[in-house]
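Step one of this worksheet: look at the structure below.
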Amino acid sequence: QVQLVESGGGLVQTGGSLRLSCAASGSIFSINFMSWYRQVPGKQRELVARINSSGATTYTDSVKGRFTISRDSAKNTVYLQMNSLKPEDTAVYYCNAVIAAGITSPLIPYWGQGTQVTVSL
């Protein structure tokens, strides 16, 4: 089995910073994409940032220039550095990783439990 454990959420004032971490553990042969999504009540979960196994990154427009996604492949961990936070960044942030458990195993997406990020005025 594979587990994704997130940490780093919390309450911060507008303009502040937070760093989210997500560590994957368990039966892991390889990790393809690692991503951060966020969701607010009543809305669909949206992709915030994604990084592939080569380090290429993509961001949703609203966070470009403020958020940075990175990964430590040796630790099976992905990070999201969030700077210049705004109230509209308030959401539950979820980690997602596409993982193969073995050399012949299919790639399967896994989700973390979510971590709350609240940005106050």
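Of all the residues that make up segment 20-59, how many are open to solvent by less than 40 Å² (accessible area, probe 1.4 Å) and over 21 Å from residue 100 (Cβ atoms)?
Residues flagged as open to solvent by less than 40 Å² (accessible area, probe 1.4 Å) and over 21 Å from residue 100 (Cβ atoms) within segment 20-59 amount to 5.
Where in segment 16-61 are there strands (runs of 3 or more DSSP E), lying wholly inside it, with at least 3 residues that are of a type in the set (Ser, Thr, Tyr)?
Output list reads 30-39, 57-59.
Under 8 Å by Cβ, and 6 or more places apart or on different chains, what pairs join a residue from segment 33-59 that is farther than 11 Å from residue 69 by Cβ with one that is open to solvent by 40 Å² or more (accessible area, probe 1.4 Å) and small (Gly, Ala, Ser)?
Close Cβ pairs satisfying both conditions: 53/30; 53/73.
With a cut-off of at least 2 residues that are over 16 Å from residue 2 (Cα atoms) and within 14 Å of the chain's Cα centre (by Cα), name the strands (runs of 3 or more DSSP E) lying wholly within segment 68-121.
Where strands (runs of 3 or more DSSP E) fall fully within segment 68-121 and carry at least 2 residues being over 16 Å from residue 2 (Cα atoms) and within 14 Å of the chain's Cα centre (by Cα), they are 77-82, 91-100, 115-120.
Would you check which residues across segment 6-19 are of a type in the set (D, E, K, R) and exposed (fewer than 15 other Cβ atoms within 10 Å of the Cβ) and list them?
Within segment 6-19, just 19 meets the criteria.
The values are calculated or read from the model by the stated rules, or taken from the named source; none is laboratory data. Quick caveat: nothing in here was measured; it's all calculated off a predicted structure. Heads up, the Cβs are rebuilt from the backbone with ideal geometry, glycines too, and the neighbour counts pull from every protein chain shown. These accessible areas exclude ligands, DNA and RNA; they are computed on the full protein's heavy atoms, side chains included. Shrake-Rupley method; radii C 1.70, N 1.55, O 1.52, S 1.80 Å.
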